[in-house]
Amino acid sequence: MKLSAFPCLSLLILLLFVPAQHAGAGDVLDLEATVKTGLERNHSLQAVREALIGTEYGVRSARGAFGPRLSTSYSYSRLDEPPMVGIDPRTGERIKGSRNVWTMNFNIEQPLFTGFNILSNFERAKLGNEQAESQLSRAELELVLEIQNTFLDLLAARETVRVAEDSLTRLRSHLNRSQSFYDVGLAPRLDVLQAQVDVAQAEQDLISARNGVDNLTAGLNMLLNLPLEQEVFYHGELDFLPFELTLEECRELALRNRPDIFIADKSIQIALKDEKITASTFYPQLGASFNYTRHGDDPGVSGTRHRDASEWRAGVQMQWTLFEWGRTYYAYKQAGQNTRQLMSEYENLLYIVVFEVKSSYLNINESRQRISVARQGIEEAREGYRMAEARYEAQVGTSTDVLDAQARLSEAEANLIRANADYLKALAAIYNAMGRVNINLKN
């Protein structure tokens, strides 16, 4: 069946001018999907990837220095007077050439020995490429940690909104009860006023909590390179996840996997290559060359009546700088000091890595204990609030007792939210400290 031209043209116009929907619009992303999306779309990470590609070109460029170099030149000169090129043996008259000089030259140069300069530059470029790979790994770790922390903060902020809503519901219920008691003369006006103040404060807290959710959602969109106003639902719960590694196992993994340790090690190796590059001027420089030249008094460089059109030369050259008033020597000593500085920084980095692992491990244990205490505290706060309400309804307790019990319950719920979020953030931190990408925080 043939399609008419008009429907085909209409379909083409529709595809060209109807705006495409942004990737991820209306999606529901859990922690794992959020981290994967960030690793794929984040601009700062893409910049590091581009830098890595640049170092690969640098390796190819350094490799090219091993081969011969081919160059050519073409020139024209006009002399102020014809040059003398000889004397006629028969007449004794001077033979003059042309004032127009055209020259074409081809040159091939091959380095034979450069004091290990070319080799050291090539090895340095390869080390720079390996270092860039480690920098990409470090950037991925940092991005994963930032996304995970923001995601967990968002989950905690949502729980805070829920707690604020529950608190507001309880306070409004108590306000209605206080107003009813006041209307029948069973409670003073002060109880109503205190309840109204607490309701107003709870409403402000709820507004702030909702604004926090909006800010964190926009922050996640930014990290995922999505429009800030795009509606994406980040789904998850502050569930407890077990962590079974020992401190010693964490330390060993960190010393084996941390990208910044690899980066520091490559920096030392690069510095050693810089020492060799600087020391290359201590050695003689040896090279071979071949030159082919054509001359002429016309643009075709086809020679003159008194000179052959072409000539060639081949040779080997050696150049050796014997004395520069200590310039090379002190530059070499400076490069050595830079290497020793990097070695000291490397040793210090190892201590920092071990400290970060231990600190994160201790934070896991602390937040785990806080979760247990917070759960017990919620049970006690709920019972206290229930008893305060019952006593107030029986007119054997005060409104202040109810408001205080409500505040303690809200604080206990907030403590549990913070403990749960801090525990999961401590998990994210220790995986980061170990140099391990764990996008869902599960073992």
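No value in this document is a laboratory result; all are computed from the given coordinates. Note that the coordinates shown come from a computational prediction; the quantities given were computed from them, not determined experimentally. A quick note on method: Cβ atoms are made from the backbone with ideal geometry, for glycine too, and the neighbour counts reach across all protein chains shown.
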* Structure fact -> Check: C-alpha center region 250-327 vs C-alpha center region 393-443, spacing in Å is 64 Å
* To do: Any of LYS266/LYS442; LYS36/LYS425; LYS126/LYS442; LYS333/LYS358 with alpha carbons more than 27 Å apart? Name them for me.
  => LYS266/LYS442; LYS126/LYS442; LYS333/LYS358
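Quick one: HIS306, HIS174, HIS295, fewest Cβ neighbours within 10 Å first, how do they rank? Show your work: numbers first, answer last.
Details: HIS306 13, HIS174 24, HIS295 18.
So the ranking, lowest neighbour count to highest, is HIS306, HIS295, HIS174.
What's the Kirkwood radius of region 60-174 in Å, using all Cα pairs?
Here the Kirkwood hydrodynamic radius works out to 23.3 Å.
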* What is the pair-distance distribution P(r) of region 273-345, computed from all Cα-Cα distances in 5 Å bins starting at 0, with each bin given as a whole percent? -> 3, 13, 14, 11, 9, 8, 8, 7, 7, 8, 5, 3, 2, 1, 0
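So what is the diffusion coefficient of the chain in µm² per second by Stokes-Einstein at 37 °C and 0.692 mPa s, using a Kirkwood Rh over Cα pairs?
108 µm²/s
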* Structure fact -> Taking Cα atoms, the helix 247-257 axis meets the longest principal axis of the chain at an angle in degrees (rounded to 10) of 30 degrees
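What percent does the relative contact order of the chain come to when contacts are Cα pairs within less than 8 Å and at least six residues apart?
Once normalised by length, the contact order is 24 percent.
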* To do: Go through region 188-292 and name the GluC sites (Glu not before Pro) that are in a DSSP coil and have 14 or fewer other Cβ atoms within 10 Å of their Cβ.
  => GLU229, GLU231, GLU237, GLU244
* How do ILE53, ILE417 rank when sorted from fewest to most other Cβ atoms within 10 Å of their own Cβ? -> ILE53, ILE417
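Loop-only trypsin sites (Lys or Arg not before Pro) in region 206-259, please: DSSP not H, G, I, E or B, and at most 12 other Cβ atoms within 10 Å.
On the way: sites: ARG210, ARG251, ARG256; in loops: none.
Answer by residue number: there is no such site.
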